[in-house]
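The values are calculated or read from the model by the stated rules, or taken from the named source; none is laboratory data. In this text the structure is predicted, and so the values were computed from the model without any measurement. So basically every Cβ, Gly included, is an ideal-geometry build from the backbone, and we count neighbours across all protein chains shown. These area figures cover heavy atoms from the full protein model, side chains too; ligands, DNA and RNA do not enter into them. Shrake-Rupley method; radii C 1.70, N 1.55, O 1.52, S 1.80 Å.
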Amino acid sequence: MMDFMNSVLNLFVPPASLITLAFSWPALCFLNTCEWLYNNMYGDNMDGKVVIITGASSGIGEQIAYEYALRRACLVLVARREHRLRGIAENARRIGARHVMIVAADVVKEDECRRFVNETINVYGRVDHLVNTVSLGHTFYFEEVTDTSVFPVLLDINFWGNIYPTLVALPYLHRTNGRVVINASVESWLPLPRMSLYAAAKAALVNFYETLRFELRDEVGVTIATHGWIGTEMTSGKFMLEEGAEMQWKEEREVNVTGGPVEEFARLIVAGACRGDAYVKYPSWYDVFLLYRVFAPNVLNWAFRMLIAPQGTKRTSSYVGTGRSLEGGRAMLEAPSPRTTSSALLAPYTFSAGAQLS
C-alpha cells in the first residue's frame, strides 16, 4: 500500500508543486519586497558594533572588512598573514572603522579560534557579527588523484575552518542577539567538474548552518551567502601553505570565465547581514538551476555536458593531489595563461592539515 501511495505522489506532487509556485509567485514577491523594505528601515545599525572577520587578509574577507568599516563598526581581522592584515587594518581605519584589531590565527585549529574570540571579548566585551570567509578551491579531476594528503586540507579549511569559530563565538553572540555570516558557494548544489571535494565541503557547510538556524531559534541570526565566480586570489590560483608560502596552480578550464566583482558581493553580504537576511545570492539568477536540479535533473546534466564538454583527452588543471612530480620531486605549478607574463612557479605539493587560504 505504501509503495502504491509513493508512486501516486511521485506522479502528482512535482507538477502540483510547480503549478502552486507559479500562482503564488506574485504574492511571494510582494511579501519579500515588504520584508526587504522593513528590514532596510529597521536593520542593524553597526556603528560601534563588534565584527569578527576570518580570512580577512584578501579577497572577499578584505572587502567585507571595508564594508563594515564604512558602517563605523569595530573590527577584528583574523588571518594567517599578519603583514597583510596591517595594511587592511589601516585602510579600514581610514574609511571609517571605529577601531580595528588584527589577530594572526589559523581557523582550522580550535584553540586558536578560542584565542582570538577571547581576545575580542577582552578588548571589546562583546561580539555582534561573526563573518566566516575562509575558503579554498581546487581544479583537479578526482580520478586522477594519487596523493590524498590534499583531501583533509580542503575539508579542514572549507568546513572546520568555518565551524570552529562559530562554536566558540556562539555564547557571546547569544548575549547580543548577534549573527553568523557564512561564505558558501553555488557549487554546494550546482554540479561543476574538477570541484568535487570543494563542492562536497560547501554542501556540508550549508546543511550544517541550515540545521543550526533551527537550533538557534532566531536567538542568533544566520546569513548564508552563495556566489558564482568571484575575482579573488582563489580563482586566480593562490593559497597558503603551512609555512606561509604562496602556491599557484595551473588553470586550464574548458570554459573561459571571468570572476564577478568581489566588491559587489561583499557589499551585498554586509547589507544582507545588517538587514537580517537569511540568504544572500550573487548572482540571483543562478536559482533557476536549483529548480532544474529538483524537478528536471537530467535536463541540467545534459545542458552542462554540452556547455562544459572536454576538449580531447582529459587533463587535470592542477598537479595538486595528483602525485605528479617534476624537476627533482617538486611539482611545477604554472601561471594561469600563456598570454600572461608570469613565469612558472615551483613549490612542494605535499600539504599539512593546517594549510588555509587567508
- For the range 250-285, enumerate the residues that are open to solvent by less than 40 Å² (accessible area, probe 1.4 Å), assigned to a helix (DSSP H, G or I) and modelled with pLDDT under 90. Val262, Phe265
- Can you name the residue in the range 180-194 that is outside any loop (DSSP other than H, G, I, E, B) and within 17 Å of Gly55 (Cβ to Cβ) and is also nearest to the chain's Cα centre (by Cα) among such residues? Asn183
- Message: Checking the conditions here, which among Ala89, Ala73, Ala65 is surrounded by 24 or more Cβ atoms within 10 Å (Cβ to Cβ) and over 20 Å from the mean Cα position of the chain (by Cα)?
- Response: Ala73
- Query: If we only count helices (runs of 4 or more DSSP H) wholly inside the range 73-174, which ones have 1 or more residues that are of a type in the set (Gly, Ala, Ser) and touching a residue at least 24 places away in the same chain (Cβ under 8 Å)?
  - Reply: 82-95
- Query: So which of Thr33, Thr54 is surrounded by fewer than 23 Cβ atoms within 10 Å (Cβ to Cβ) and β-branched (Val, Ile, Thr)?
  - Reply: Thr33
- Output the residue which, of all residues in the range 20-62 that are under 24 Å from the mean Cα position of the chain (by Cα) and assigned to a loop (DSSP other than H, G, I, E, B), is modelled with the highest pLDDT. Lys49
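Look at Phe208 and say whether it is touching a residue at least 12 places away in the same chain (Cβ under 8 Å), hydrophobic (A, V, I, L, M, F, W, C), within 30 Å of Ala303 (Cβ to Cβ) and in a loop (DSSP other than H, G, I, E, B).
Considered against the rule, which asks whether it is touching a residue at least 12 places away in the same chain (Cβ under 8 Å), hydrophobic (A, V, I, L, M, F, W, C), within 30 Å of Ala303 (Cβ to Cβ) and in a loop (DSSP other than H, G, I, E, B), Phe208 comes out as no.
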- Query: Has the range 166-187 got any residue that is among the aromatic types (Phe, Trp, Tyr) and at pLDDT below 95?
  - Reply: no
